[in-house]
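All remarks here apply to the structure that follows.
The values are calculated or read from the model by the stated rules, or taken from the named source; none is laboratory data. Because the structure is a prediction, the values reported are computed rather than measured. A quick note on method: Cβ atoms are made from the backbone with ideal geometry, for glycine too, and the neighbour counts reach across all protein chains shown.
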Amino acid sequence: MPDALAKHGSTCGPAHPILIVDDEPSLRDILSQILEGYDITTAPNGIEAIEILGRQRVDVVITDLMMPQVDGFAVLVTAKRTNPATDVLVLTGYPSLENERKCRALGCYEILAKPFAVTAIRAAVDQCVKKRYPESFA
């Protein structure tokens with residue numbers, strides 16, 4: 001496993017794997033804290049995210065849209081091709097109607113503009129997991 005990846009164990013309930021992809025280390029850390037209780041894996045770029053998607057099951061992907069080399073669109077496409085049931089949340093500091101349309105056409109579950117509300121991220125992930133594993137929230 002590359003040094004740039006971080007793995008955080010689940011602190012409660014069954015493990016639901018979440019992949020966080022962002023080139024900003026502080027944002028990966030913040031999202032990991034917000035999503036405490038989930039089985040979190042982080043990747044600093046799209047290249048490593050795609051490698052992770054090829055080798056492990058992920059229920060939800062949270063990806064930045066604009067990253068060097070491999071962008072969030074490629075991560076979104078790979079996640080949906082690898083497992084169509086995987087929900088993908090896209091974060092962007094550059095919201096536009098064109099990007100939103102493209103993300104939706106590629107199967108994105110939700111698009112959130114940066115800066116985002118902490119409650120919005122947690123609620124979106126909880127909603128994705130709840131629709132797939134309703135017994136986890138019983």
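Take the residues in segment 31-49 that are part of a helix (DSSP H, G or I), over 12 Å from the mean Cα position of the chain (by Cα) and touching a residue at least 24 places away in the same chain (Cβ under 8 Å), then tell me which one is nearest to Thr78 (Cα to Cα). For segment 31-49, the residue satisfying everything is Glu48. One residue alone among Ala43, Ala74, Ala85 is under 15 Å from Cys108 (Cα atoms), touching a helix residue (DSSP H, G or I) at 6+ places or on another chain (Cβ under 6 Å) and not hydroxyl-bearing (Ser, Thr, Tyr), and that residue is Ala74.
Where strands (runs of 3 or more DSSP E) sit wholly within segment 60-120, those with at least 3 residues that are in contact with a Leu (Cβ under 7 Å, 6 or more places away or on another chain) and within 22 Å of Ile40 (Cβ to Cβ) occupy 60-64, 87-92. Of all residues in segment 1-26, count the ones that are surrounded by fewer than 20 Cβ atoms within 10 Å (Cβ to Cβ) and modelled with pLDDT of 95 or more. Total meeting the criteria: 5.
Could you look through segment 90-112, keep only residues that are in contact (Cβ under 8 Å) with a residue 12 or more places away in the chain and more than 20 Å from Ala79 (Cβ to Cβ), and pick out the one that is surrounded by the most Cβ atoms within 10 Å (Cβ to Cβ)? Out of the qualifying residues, it is Pro95.
If you go through segment 47-95 and keep only what is over 21 Å from Leu27 (Cα atoms) and of a type outside the set (A, V, I, L, M), you end up with Gly54, Arg55, Gln56, Arg57, Thr78, Lys80, Arg81, Thr82, Asn83, Pro84, Thr86.
Residues of segment 114-138 being surrounded by 15 or more Cβ atoms within 10 Å (Cβ to Cβ) and small (Gly, Ala, Ser), which ones? The one that is surrounded by 15 or more Cβ atoms within 10 Å (Cβ to Cβ) and small (Gly, Ala, Ser): Ala124. Within segment 118-138, residues that are without any contact (Cβ under 8 Å) to a residue 24 or more places away in the chain and more than 18 Å from Leu19 (Cβ to Cβ) have Cβ atoms under 8 Å from residues that are of a type in the set (Val, Ile, Thr) and in a helix (DSSP H, G or I) in these pairs: Phe137/Val129, counting only partners at least 6 apart in sequence or on another chain.
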